[in-house]
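What follows is a single structure, written as structure tokens, with notes after it.
Taken together, the values in this text are just the output of simple stated rules run on the coordinates, not laboratory data. Only a predicted model underlies this, so the values are computations on that prediction, with no experimental measurement involved. As a convention, Cβ positions derive from the backbone with ideal geometry for all residues, glycine included, and neighbour counts pool all protein chains shown.
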Amino acid sequence: MAGKTLAEDEASAQEFRDSFAEFERGVLQDNIILCDQKAGILLAFAAAMILVCLQGFDTRGAHLAALALVIRGAFAIGAIAFVVSCHFALQTVFPRIRRGADDHIYWESKVFKLPVERYVASFREMDIAAEGENRLRYLHKLAEICRTKFRHFRRAMSLAQVGFVVLMLAYLGRSLI
């Protein structure tokens, strides 16, 4: 059995690269979807906690005025932390649209605005090498979107944790007055 030719080796390598690029796209999109889902849950939780903080702010009838002031401050800090957490959670789920070149990948490209017959014709005439490069550029943009989403989600989660701890401390303090 003779060894593979150079052309066969290159075709095999290109097939592997195409398969790996498709795998990368799936991983990135799965991570984006997962991050959005988690941020949505965090957004609902943080919004509910804002209401809890605002309800706890009322310390009328407290016997110790100085402690009541500290407790109000803690509820306010908790509410602010949850509000900022909501901001970052919304930033996470906000659609990230990165305009690219006019190609067959970006959904707002001119090619997708053509009548279907012209679109199909343009698809059949595309330069395969150029479209392979477009796909890699698209993967790079997806990775950028994913990094941004996780950075915002991490901030939202950290602020929610701070808000929750302060809220619990405020309720503990409230039980003292």
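Based on the Cβ-Cβ distance of R151 and V120, what FRET efficiency does E = 1/(1 + (r/R0)^6) give at R0 = 30 Å, to the nearest 0.05? Show your work: numbers first, answer last.
Details: r = 40 Å, r/R0 = 1.32.
It comes out at approximately 0.15.
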- Label-point separation, R25 to F94 (7 Å along Cα→Cβ), nm: 2.7
- Which value, in debye to the nearest 20, gives the size of the charge dipole of the chain about its Cα centre, when Lys and Arg are +1 and Asp and Glu are -1 at the Cβ? 1240
- Query: For Kirkwood radius over Cα pairs in Å, the choices are (i) 16.4; (ii) 18.5; (iii) 20.3; which was calculated from the structure?
  - Reply: (iii)
- Query: Under unit Cβ charges (Lys, Arg +1; Asp, Glu -1), what dipole magnitude, rounded to 20 debye, does the stretch 103-177 have relative to its Cα centre?
  - Reply: 540
- Using the per-residue mean of other Cβ atoms lying within 10 Å as a proxy for protection, in what order, highest first, do the peptides 79-92, 148-161 fall? 79-92, 148-161
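Which FRET efficiency, nearest 0.05, do L34 and V111 yield, Cβ-Cβ r, R0 25 Å?
On the way: r = 30 Å, r/R0 = 1.22.
For R0 = 25 Å, the calculated efficiency reads 0.25.
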- Say the dipole of the chain comes from +1 at the beta carbon of Lys and Arg and -1 at that of Asp and Glu; which of A7, L42, L139 then lies farthest toward its positive end? L42
- With 0.36 nm assigned to each residue of separation and the Cα-Cα distance removed, D18 to H87 gains 21.0 nm
- For the stretch 153-164, Karplus-derived ³J(HN,Hα) couplings (6.51, -1.76, 1.60; θ = phi - 60°; whole Hz; x for glycine and proline) come out as 5, 4, 5, 4, 5, 4, 5, 5, 5, 4, x, 5
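Please state the relative contact order of the chain as a whole percent: Cα pairs under 8 Å, 6+ residues apart? Intermediate values should be presented prior to the final figure.
Working: 161 pairs, mean separation 62.5, N = 177.
Rounded, it is 35 percent for the chain.
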